[in-house]
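> Handing you this structure, nothing more for now.
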Amino acid sequence: MHEISLVRNILKTLEAEFEKDELEKLSRIDLKVGLLSNVEPILIQNAFEAVIQDEQRFQNAELYVNLVPIIIKCEICGDESEVKNYTFKCRNGHPTKNILQGEELTIERVHFID
Ligand SMILES: [Zn+2]
């Protein structure tokens, strides 16, 4: 289950970024997940619940997944559009693989308890 390793990487990133006492006040992690990233929100949330059971300093944290659509930019006509039903064509019908958004898996924002 690759979600477990994704969650571990996210926690590692946060540990590198913040001090221990800051992490204990972490209340929420917002993830930005592209539709092409192969991450199922429910699976990564379940993985998060499982991983933080052994991670005392993340006990107060919740994980939110913000799914973002796939956006392509046509190299022929410059049209930027959202990909629906995995059809990689611009609105003028040109096939394109130039993906502007949709492959990301990033920490968008973190929230702390005051
Ligand atoms: Zn086009």
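> Suppose only helical runs count, i.e. DSSP H with n ≥ 4. What mean residue ellipticity at 222 nm does that imply for the chain under -39500 (n - 2.57) per run, divided by all residues and rounded to the nearest 500 deg cm²/dmol?
The per-residue figure over the chain is -8500 deg cm²/dmol.
> List the aspartates and glutamates whose Cα sits under 18 Å from the Cα of K20, skipping any in the same chain fewer than 8 residues away.
Leaving aside aspartates and glutamates fewer than 8 places away in the same chain, those within reach of K20 are D54, E55, E62, D114.
> Let me ask another. Working from Cα positions, state the angle (0 to 90°, nearest 10) between the long axis of helix 2-17 and the longest principal axis of the chain.
Once rounded, one gets 70 degrees.
> Another question about this same structure. In segment 47-104, which trypsin sites (Lys or Arg not before Pro) are in a loop and have at most 13 other Cβ atoms within 10 Å, using DSSP for the loop call?
Qualifying residues, ordered by number: K84, R91, K97.
> Got a number for carbon plus sulfur as a percent of the chain's accessible area, 1.4 Å probe?
The value for the chain is 44 percent carbon and sulfur by accessible area.
> Counting only residues 5 or more places away or on other chains, whose amide H sits under 5 Å from the amide H of Q101 once H atoms are built in the peptide plane?
For Q101, whose amide H was placed from the backbone, the distant partners under 5 Å are I71.
> Another one. Compare the peptides 106-112, 39-45, 28-34 by average per-residue count of other Cβ atoms within 10 angstrom and give them in order, highest first.
28-34, 39-45, 106-112
> A further question on this structure: Scan around E62 for amide H atoms under 5 Å from its own, H built in the peptide plane at 1.01 Å from N, and keep only partners 5 or more places away or cross-chain.
Counting only residues 5 or more places away or on other chains, the set is R28, I29.
> Next question, about the same structure. Can you tell me which of A16, A50, A61 moves the most in a GNM of the chain? Springs connect C-alpha atoms under 10 Å apart.
Comparing A16, A50, A61 in a Gaussian network model of the chain, the most mobile one is A16.
> How large is Rg over Rh for segment 29-114, taking Rg from the Cα atoms and Rh as the Kirkwood inverse mean of 1/r across Cα pairs? Walk me through the numbers on the way to the answer.
Details: Rg = 16.9 Å, Rh = 14.7 Å.
Answer for segment 29-114: 1.15.
> Then there's this: Please work out the average accessible area per residue across the chain, using the 1.4 Å probe convention, and give it in Å².
Details: 7280 Å² over 114 residues.
In whole numbers, the chain has 64 Å² accessible per residue.
> Here is a follow-up. Calculate the spin-label point distance for D114 paired with I4, positioning each point 7 Å from the Cα along the beta-carbon direction, and give it in nanometres.
3.9
The values are calculated or read from the model by the stated rules, or taken from the named source; none is laboratory data. Note that the structure is predicted; figures quoted are calculated from it, not measured. Counting neighbours? That spans all protein chains shown, and the Cβs are built from the backbone with ideal geometry, glycine included. Quick note on the areas: whole protein, heavy atoms, side chains included, nothing else; ligands and nucleic acids left out. Shrake-Rupley method; radii C 1.70, N 1.55, O 1.52, S 1.80 Å.
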